[in-house]
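Input: a single structure, listed below in structure tokens.
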Amino acid sequence: MKDTNKREEQRSLADRLREAREKAGLSQQELAQRLEVSPEIYAAWEAGTQSPDTETVRRAASALHVTGNYLLFGLSREGMVGAMFPNKATPAVLPGWYGCRMAGVALLFCGGAGMLLLAFLDRGREGAGATLLSYLPFQIFLAIYTVGVALCTISAVLHSRDKKKKRVKEQDHEREKGK
């Protein structure tokens, strides 16, 4: 694996740009047009005599369906994760709903644990005359718990929307294959 990484590092931006363009099935002129640069400038990038700026590399990566890290350094998302965690070679970029869900679960846990702790501590309190719900720290933990529920609900909606988009995209791809 180290030999592969070393060979990948030795390849230049020009080589990776050309390879990604060819895999995408684009000519130099087509990609130059998408990047809004002259074909001569693009040809110089692939020849290695000039280099694109960072914004252009980002746009090229998007047009070629690769990462900017791949074009600049030869590292794909799978390669980066695979190098760090060989048994977990999955995409390094998590979907947006995932962070929302993790935050929601953390708030659910903190709010719930706080309410349980206060309920347990309140059992020993005598003659306070007030209900636990009117106790300010309990209200704060209840609010934290409620925000956690809201975040988990939002993440579920976002996740289902992502799944629906993916399903529609797959159906469109199948329709295109069928033509």
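For residues that are among the hydrophobic types (A, V, I, L, M, F, W, C) and in contact with a Leu (Cβ under 6 Å, 6 or more places away or on another chain), tally how many sit in region 46-59.
1
Give the number of residues within region 102-140 that are modelled with pLDDT under 90 and either among the charged types (D, E, K, R) or touching a Ser or Thr at 6+ places or on another chain (Cβ under 7 Å) (or both).
Qualifying residue count, region 102-140: 4.
Criterion first (at pLDDT below 80, under 30 Å from His65 (Cα atoms) and surrounded by 12 or more Cβ atoms within 10 Å (Cβ to Cβ)) does Ala156 satisfy it?
Judged against the criteria, Ala156 is not a match.
If His65 satisfies all but one of (1) surrounded by 16 or more Cβ atoms within 10 Å (Cβ to Cβ); (2) outside the structural domain of Ala150 (by TED's automatic domain parsing); (3) modelled with pLDDT under 90, what's the number of the condition it fails?
Among (1) surrounded by 16 or more Cβ atoms within 10 Å (Cβ to Cβ); (2) outside the structural domain of Ala150 (by TED's automatic domain parsing); (3) modelled with pLDDT under 90, His65 violates only (1).
The values are calculated or read from the model by the stated rules, or taken from the named source; none is laboratory data. It should be emphasised that the depicted structure is a prediction, and the values quoted were computed from it without experimental measurement. Note: ideal-geometry Cβ built from the backbone for every residue, glycine included; neighbour counts use all protein chains shown.
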